[in-house]
Each structure stands twice: as structure tokens, then as C-alpha cells.
Amino acid sequence: MSGQRRSTDGYAENAAALTAQYESITFDQVHHDILHLLPAEPVRAIDIGAGTGRDAAALAARGHRVLAVEPTAELLAEARRLHPDPRIEWLDDGLPELARVRARAERYDLAFLTAVWMHLDAAEREAAMAALASVMAPHGLVFMTLRHGPVPPGRRMFDVSADETAALAVANRLTDIHRGSRGDMLSRRAVTWSVLAFRRTGA
């Protein structure tokens, strides 16, 4: 692995700055395009790549039970400190394997992957989509955002298209139900985002 960047590179050493950045934007601002698709009744949710716990906390505030999954210890510690909600369970795990999540043998009605997918290379994305689909309940909803633009120094990102992601989702029994795009919430002119939603089909 020497010389090869990992998907989480650049996060631990910048945890304090990233925490301030992530928490400066609300869940409703980030996910405005798909709020109408969220279930009104409480469900079992999973936030994969939970970061500082902003999205997990917002989902918990809506009454959902949330498993918040984050592989970077420094961010996970900040999340626990900032969002001590009994409806959130924190777990050290990550993509592409989701090994600890899958070992629990639980299914989720709602999944969020916010600014996560573009950190995975092609082989990792293929494995990750299969792992994600395997933990979704029938008719479960998956929401995902993809970052497009220059890669920040010290980070590992790939240019991943909405079309590729949707095709991979469909191959794993996740139906494409929403595609959108928007500018960057932090006013970075060279950065844009794809907003995607999928629904699990079958048992």
C-alpha cells in the first residue's frame, strides 16, 4: 500500500477545519432537492461516511433511528461530541466492504452517502455498491451526492459521473428515481455536485 492514497486520506489531519466547514451548512440546505422523498414516518436509517454527524443528527431529529458510520477516528470523535443523540449509534466502519455493518445482519430503510462516493476507485465503487445494496431493506431509499471539480491537496478523489453511478446502482437492484445537479454550498466556483436517489427493488 506504500505510496497509494486511501479514500480517507486528508481527513484526520484536517478534522478541526473540516468540522467547522461541514457544520456551517445545514442538512436541509445540502439535501434540499430530495427532502420531498424522505419518509415521514420513523424508519431505520444509515449514514455512511457520517463525518461530523450533521446528517445523522438531522435524521434523528426527524425521529429516525440512525446508524452513523465513519472510518476516520478524529471525525467520529467530533461527531459524538457535537451530536449526542440517543437515537444515533456510532460505528467505526467504511466502504467499500462495510464489514462491521454487514456483520450486524440488519436492513435499512434509508441510506445517506454525502460526499463519499467519489473517494472510491472503480473497483472499490463496484464492491461498495454491492455491499450497500445488501444492507438495504426492500423499497429502501438511498441518497447520494457526487463532487465534481479540482481535488484538494492531500486528498484522494475520482471524477465519477452520475450516469456511471446510476448504472452500477441498477445492476445491484437499486432503481434510479432522482437525478439532479447543483452548485457548491461553500461557493467554490469550480466545484459542482450531482444529487442522486435510488430505491431498492425486490427482497
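The values are calculated or read from the model by the stated rules, or taken from the named source; none is laboratory data. Here the structure is a predicted model, which means the values were calculated and not measured. Every residue, glycine among them, receives a Cβ derived from its backbone with ideal geometry; neighbour counts consider all protein chains shown. For the accessible areas, the whole protein counts, side chains as well, though only heavy atoms, and no ligand, DNA or RNA atoms are used. Shrake-Rupley method; radii C 1.70, N 1.55, O 1.52, S 1.80 Å.
What does DSSP give for the stretch 48-203 in terms of the percent of beta bridges that are antiparallel, rounded to the nearest 5?
On the way: 17 of 27 bridges.
If I count the DSSP bridges inside the stretch 48-203, around 65 percent turn out antiparallel.
Computed with a 1.4 Å probe on the full set of protein chains, the accessible area for R173 sits at about 120 Å². Where Rh is the Kirkwood radius over the Cα pairs of the stretch 54-172, the temperature 10 °C and the viscosity 1.306 mPa s, what D in µm²/s does Stokes-Einstein return? Result for D is 104 µm²/s. Computed over neighbours whose Cβ is under 11 Å from that of G49, the net charge equals -4, Lys and Arg +1, Asp and Glu -1.
Report, to the nearest whole %, how much of the accessible area of the chain belongs to carbon and sulfur atoms, 1.4 Å probe, protein only. Let's see the in-between values first.
Values: 4870 of 9260 Å².
That share works out to 53 percent.
Max-minus-min Cα coordinates of the chain on each principal axis give 42, 37, 34 Å, with the largest extent listed first. The H on the amide N of Y108, modeled in the peptide plane, is under 5 Å from the matching H of M136, A137, each at least 5 residues off or on a different chain. Shown are M129, M157, whose ranking by accessible area with a 1.4 Å probe and every protein chain present, most to least, is M157, M129.
In this structure, the amide hydrogen of A115, modeled 1.01 Å from its nitrogen in the peptide plane, lies closer than 5 angstrom to those of T145, counting only residues at least 5 positions away or on a different chain. For the chain, the per residue solvent-accessible surface stands at 46 Å², with DNA, RNA and ligands left out and a 1.4 Å probe. Take each peptide in 25-35, 55-65, 143-153, count the other Cβ atoms within 10 Å of every residue, and average; sorted highest first, the result is 55-65, 143-153, 25-35.
Shown in residue order for the stretch 94-110 are the 3J(HN,Hα) couplings computed by the Karplus curve 6.51 cos²θ - 1.76 cosθ + 1.60 at θ = phi - 60°: x, 7, x, 7, 6, 4, 6, 5, 5, 5, 6, 6, 10, 10, 10, 8, 8 Hz (x for Gly and Pro).
How high is the relative contact order of the stretch 99-147, in percent, with contacts defined as C-alpha pairs under 8 Å that are six or more residues apart? Let's see the in-between values first.
Details: 52 pairs, mean separation 29.5, N = 49.
Relative contact order, the stretch 99-147: 60 percent.
What order do you get for 184-191, 133-140, 47-54, 108-115 when each peptide is scored by the mean count of other beta carbon atoms within 10 Å, highest first?
Result, highest mean first: 47-54, 108-115, 133-140, 184-191.
About its Cα centre, the chain has a charge dipole of approximately 200 debye under the convention of +1 per Lys or Arg Cβ and -1 per Asp or Glu Cβ, with nothing else charged. Taking amide H positions as modeled 1.01 Å from N, with prolines and chain starts lacking one, no residue 5 or more places away or on another chain lies under 5 Å from G51. Other residues within the sphere of radius under 14 Å centred on the Cβ of P39, judged by their own Cβ, net out at +3 (K and R +1, D and E -1). Other residues lying with their Cβ under 13 Å from the Cβ of G149 contribute a combined charge of +3, Lys and Arg counting +1, Asp and Glu -1.
Could you work out the relative contact order of the chain? I mean the mean sequence separation of Cα pairs under 8 Å and 6+ apart, divided by the number of residues, in percent. Relative contact order here is 19 percent.
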